[in-house]
1. Among GLN100, TYR121, GLY33, whose Cα lies farthest out toward the positive end of the dipole of the chain, if unit charges sit on the beta carbon of Lys, Arg (+1) and Asp, Glu (-1)?
2. For the stretch 5-63 and the stretch 73-119, what is the separation of their Cα centres, given in Å?
3. Mind ranking 68-79, 1-12 by how tightly packed they are, going by the mean number of other C-beta atoms within 10 angstrom, highest first?
4. Sequence gap at least 6, Cα distance under 8 Å: using those rules, report the relative contact order of the chain to the nearest whole percent.
5. Which of the residue pairs LYS156/LYS193; LYS156/LYS194; LYS11/LYS156; LYS10/LYS148 have a Cα-Cα distance greater than 22 Å in the structure shown?
6. Roll a 1.4 Å probe over the protein chains and send me the accessible area per residue for the chain in Å².
7. In nm², what is the average projected area of the convex hull enclosing the Cα atoms of the stretch 65-108?
8. How much space per residue, in cubic angstrom, does the convex hull of the C-alpha atoms of the chain take up?
Amino acid sequence: ERRDAQSIWKKFGSDLAVCAGDYLISAAYSCLGKLGNNAGAMAEKIHDHVHHVIHGQIDDLIQDKNQGLTDITIYEDISARKSGPLLAMSLSLPLLYTDQYQYLKTAEQAFHHFAIAYQIYDDIHDIERDQAKIGVKPGLNIVTIMQKNGKTSGVKAASNLALEHLVQASELAAQLPLQSHTILEEEIVAMQKKISFIGNH
């Protein structure tokens, strides 16, 4: 599932999903070509972000096969690289387009922390299914990692960690231009509510 709906590969098959993904990537570059202003810098930024996502995903797959990760810092790094760069493009590209280069690093750092919290929430949501796999050890899931580190309640410990990252994301978001700050802060508050709820149940 993605955003409470069936994913494309589940609904239509993995072959169609791969093609749809390729089309969307191509369409993004087509849109850039029509902008003119800073299009080259924006295309480089897209490649840079996708590059980091791919490496994060590779590290995630390697750790998932090993199924022995206990280092929370490594988990955070992989989680941030898996989705942070893609999420960050929603602000970094408009900031580039409008010549507001001074805010790029702050926006990307904010999404670094938001992405970790986002992944933690996803892991908490999936923990029962992940750990119920018959004959398969749970893979890269923060709740499992917390349990391996001796936490009585892996879900509670994971929730607290996510909330800490959301606080850091919020502090960084406050340094962004007003509209950018508002957009990101709304997402942070919504995620805080979800994680607080799931961490207390």
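1. Of GLN100, TYR121, GLY33, it is TYR121.
2. 15 Å
3. Details: 68-79: 16.5, 1-12: 10.4.
Descending packing order for the listed peptides: 68-79, 1-12.
4. Values: 210 pairs, mean separation 36.0, N = 201.
Dividing the mean separation by the residue count of the chain yields 18 percent.
5. Working: LYS156/LYS193 14 Å; LYS156/LYS194 13 Å; LYS11/LYS156 33 Å; LYS10/LYS148 32 Å.
In this structure, LYS11/LYS156; LYS10/LYS148 exceed 22 Å between Cα atoms.
6. On the way: 11910 Å² over 201 residues.
On a per-residue basis, the chain sits at 59 Å².
7. Values: hull surface 14.8 nm².
In nm², the orientation-averaged hull projection of the stretch 65-108 is 3.7.
8. Working: hull volume 26.3 nm³, N = 201.
Spelled out: Cα convex hull of the chain, divided by residues, is 131 Å³.
The values are calculated or read from the model by the stated rules, or taken from the named source; none is laboratory data. Because the structure is predicted, anything quoted here is derived from the model rather than measured. We place every Cβ from the backbone using ideal geometry, glycine too, and count neighbours over all the protein chains shown. Accessible surface areas use protein heavy atoms only, side chains included; no ligands, DNA or RNA. Shrake-Rupley method; radii C 1.70, N 1.55, O 1.52, S 1.80 Å.
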